[in-house]
Amino acid sequence: MKQFTVRTGARTEMIDITHHVRSLLRESGIRKGVCYVFVPHTTAAVTINENADPAVPQDILMELGKIVPLTDRYRHTEGNSDAHIKASLLGASEVVCVEDGELVLGTWQSVFFCEFDGPRTRKVMVKFIQG
Ligand code: ZN
């Protein structure tokens, strides 16, 4: 298992981490297999979406904010229930296949770290399975 840190700069933010995952893949020397990306946090997530137009992650965050408002009659007293719910909606992990030493992603796809209760320093764990 390998890991890297992400320093987020806002309460909600999507950060393209594909280059970090790629550089760990190069280090591993694995040519063929599966890559697991896991976020060990309860108020952050990982997702795969469009990297070309920065408006796409902005729209995702805007709509998540409508589905899950910052304040409601939440029971969790820490004040970040929206972040916990958004984290579960997007999920803590993604799987990307590896072929010929490359991540198998579509032209416009990137792996995004999703911050919902920042700014914080966060961890991303990556596991490569050869096969
Ligand atoms: Zn909490």
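When the stretch 54-72 is filtered for residues that are open to solvent by 70 Å² or more (accessible area, probe 1.4 Å) and away from the ligand (no atom under 16 Å from the Cβ), the ones remaining, listed by number, are P54, Q58, D59, M62, E63, K66, I67.
What are the residues in the stretch 73-131 that are within 15 Å of the ligand (Cβ to nearest atom) and of a type in the set (V, I, T), if any? Listed by number, the residues that qualify are T77, I85.
Looking only at residues of the stretch 41-53 that are assigned to a loop (DSSP other than H, G, I, E, B) and of a type outside the set (G, A, S), we find that the one that is surrounded by the fewest Cβ atoms within 10 Å (Cβ to Cβ) is D53.
Scan the strands (runs of 3 or more DSSP E) fully inside the stretch 92-131 and keep the ones with 2 or more residues being over 15 Å from the mean Cα position of the chain (by Cα).
On the way: elements: 93-99, 109-115, 121-130.
Passing ranges, in order: 93-99, 121-130.
Scan the stretch 1-40 for residues that are surrounded by fewer than 17 Cβ atoms within 10 Å (Cβ to Cβ), assigned to a strand (DSSP E or B) and either touching a helix residue (DSSP H, G or I) at 6+ places or on another chain (Cβ under 6 Å) or free of Cβ contacts under 8 Å to residues at least 12 places away in the same chain (or both) and the total you get is 2. Kindly establish whether K86 is touching a strand residue (DSSP E or B) at 6+ places or on another chain (Cβ under 8 Å), under 25 Å from Q130 (Cβ atoms) and among the basic types (K, R). No: the conditions fail for K86.
The values are calculated or read from the model by the stated rules, or taken from the named source; none is laboratory data. Bear in mind that the values here come from a model prediction, so they are computed numbers and not experimental data. For neighbour counting, all protein chains shown are included, and Cβ atoms are generated from backbone atoms with ideal geometry for every residue, glycine included. Protein only, heavy atoms only, side chains kept; ligands, DNA and RNA dropped before computing areas. Shrake-Rupley method; radii C 1.70, N 1.55, O 1.52, S 1.80 Å.
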